[in-house]
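So the structure is just underneath, and the comments pick up after that.
The values are calculated or read from the model by the stated rules, or taken from the named source; none is laboratory data. Computed from a predicted model, the values in this text were never measured in an experiment. Every residue, glycine among them, receives a Cβ derived from its backbone with ideal geometry; neighbour counts consider all protein chains shown. Protein only, heavy atoms only, side chains kept; ligands, DNA and RNA dropped before computing areas. Shrake-Rupley method; radii C 1.70, N 1.55, O 1.52, S 1.80 Å.
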Amino acid sequence: LKYDLSTMLFLLPYLILVVVTCGKSSAVESIKSELNAAVSQGIDPQAPEHRSDKEGGDTSFFTLSMQTIFSLLDQFSNWLQLTKQIVNRKVSTLELNKSLQSLSIPATAKSADRVALLLNTVPQIHLARAAYHCGAHARALKHFEMHLRNTKKCHGLNTPSYDGKFNIEDEDL
């Protein structure tokens, strides 16, 4: 099991989700700090983790770890949306993923809030920079737009009611 990457990648989201929804606050804080530390590696393009391996391949440990983190964030976002729909009774509990039901992860407002806090731990601009540096340009644009929406307090990039201009700093590009 220690060297079975596919099994570990399958179990990782469920393990983290159980810890975040049912675990102690110290364990949740540890997950948040690990997430921040991994994403902060992606902010500096000159870091040695970004360089390709010596055999000329275009994958590096950094790229693989960032892809895993992005996959985790996507899965947590999907779980959060589904859980909010269940809590608001817009979706029946039968539509909840059977593997989540078998893990007995509570679909409550409290667990949804805890997952939302985890997703908001890493600033969107850091995710955008990390995605850009690992070559995930569409994801970088997505996170950069979310950063602009959050910092400018508008509900869309083309909102006519927004009076100000988007002053995008050079280091954000």
Quick check: net charge around A116, other residues with Cβ under 15 Å of its Cβ, Lys/Arg +1 and Asp/Glu -1? +2
Using a 1.4 angstrom probe and counting only protein chains, how large is the accessible area of K110 in Å², to 10? 140
Just how much of L141 is accessible, in Å², when a 1.4 Å probe is used and the result is rounded to the nearest 10? 100
Considering only protein heavy atoms, what is the solvent-accessible area of Y14 at a probe of 1.4 Å, reported in Å² to the nearest 10? 50
Protection-proxy order for peptides 66-72, 30-36, each taking the mean of Cβ atoms within 10 Å per residue, highest first: 66-72, 30-36
